[in-house]
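The numbers here are math on the coordinates, done by the rules we state, and not lab data. Not measured: the values here are computed from a predicted model. Every residue, glycine among them, receives a Cβ derived from its backbone with ideal geometry; neighbour counts consider all protein chains shown.
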Amino acid sequence: MLSLHEFVERHPRLFVLSGAGISTESGIPCYRDREGQRTGRAPILLKDFLESDYARRRYWARSMIGWPVVAHAVPNAAHHAVRALAARSRVHRLVTQNVDGLHTRAGNPDVIELHGNIGRVRCMSCGARHHRADVQRLLEAANPDFVGHTAPAVPDGDALIEHLDFAAFDVPGCAHCGGMLKPDVVFFGESVPRELVHDAASALEGADAMLVVGSSLMVYSGFRFCEWAAKSGKPIAAINIGKTRADSLLALKVEAPCSEALNALIDRLDAAQRTAASPLPAPAP
Ligand SMILES: [Zn+2]
């Protein structure tokens, strides 16, 4: 069986798709267990957020309490290894399903964030973009009674809290127009923006192969790239502990922590590079 190093040597221009598994080592919990089953409570649906005042209060209350975990998370060895892979010209394009912004903070300037970025907030009326940190200040100022609660965090900067009286939570409006604020992330029941799908699909077209890093691919917005890769004859490798939805499509699967597998790959690439660069020994006299 092919090793990850051989896979990358054979297919140097990789379309890299990362998921929640790459951020667990940064303290951001994973949505799914090893079987790819969702754990914890169901995420908010776009429809509920838009239509229910109570759902919005509950969302922002939980988000205010859960946000510090995401805000304080820093890129881990796996994010840095993806950056190192890019520095070795092996990453044709980096696409992520994560909303934590950690690839960018690890120095990858041009990431396609399929599901948005939790560090931004968008006004549904005027379209203005706000920094999540600024909105956090408004949330905390308007809701001093809710400040200081702690709760287990979930990946979208949300928190598992049920016992608070969310009806009393005051949700601030847009600083420009007073309009409804929504985190700039793709909720369940919402589509990935068409231009992002288009950009990612054309990047896949120009790549030699696909490398999945830390995703069970259970969500279709990520899985479809595997379907497209398979259809166009591009091999797929995955680094993921546990089952993925694309297992039957994989040319190679590495069941190890992302940082471990990627750092081993970088070491092998560098060793091969050194061997290729070192001069042949001089012939014996
Ligand atoms: Zn506005």
- Query: If r is the Cβ-Cβ distance from Ala167 to Leu50 and R0 is 22 Å, what FRET efficiency results, to the nearest 0.05?
  - Reply: 0.75
- Rounded if a/c is under 1.5, else prolate if a/b beats b/c, else oblate: with a ≥ b ≥ c from the C-alpha gyration tensor eigenvalues square-rooted, which is the stretch 192-285? prolate
- Message: Once the cut-off is 34 Å, how many percent of the Cα-Cα pairs in the chain end up in the long-distance tail?
- Response: 26 percent
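Output the peptides 70-78, 21-29 sorted from most to least packed, where packing is the average of other Cβ atoms within 10 Å over each peptide's residues.
21-29, 70-78
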- Message: Looking at the stretch 47-193, I'd like the Rg to Rh ratio, where Rg is from alpha-carbon atoms and Rh is Kirkwood's inverse mean 1/r.
- Response: 1.01
- Rounded to 10°, Cα long-axis angle of helix 77-87 versus longest principal axis of the chain: 60 degrees
- Which lysines does Lys243 reach when only Cα atoms under 24 Å apart count, and residues fewer than 8 places away in its own chain are ignored? Lys231, Lys234, Lys253
- Query: If you count, for each residue, the other Cβ atoms within 10 Å and average over each peptide, how do 120-132, 83-95 line up from highest to lowest?
  - Reply: 83-95, 120-132
- Item | Contour minus Cα-Cα distance for Cys126 and Glu195 (0.36 nm per residue) | 22.8 nm
- Message: 7 Å from Cα along Cα→Cβ at both Arg10 and Val74: what's the point-to-point distance in nm?
- Response: 3.9 nm
- the stretch 159-268: GluC sites (Glu not before Pro) in DSSP coil with no more than 13 other Cβ atoms inside 10 Å: Glu162, Glu255
- Message: How large is the translational diffusion coefficient of the stretch 42-101 in µm² per second when you combine the Kirkwood radius over alpha carbon pairs with Stokes-Einstein at 25 °C and 0.890 mPa s?
- Response: 169 µm²/s
- Item | Distant-in-sequence amide H partners of Arg122 (H built 1.01 Å from N, under 5 Å) | His130, Lys182, Asp184
- What is the Cα centroid distance between the stretch 73-91 and the stretch 170-196, reported in whole angstrom? 29 Å
- Item | Helix-only mean residue ellipticity at 222 nm for the chain, each DSSP H run of n ≥ 4 adding -39500 (n - 2.57), per residue, nearest 500 | -11000 deg cm²/dmol
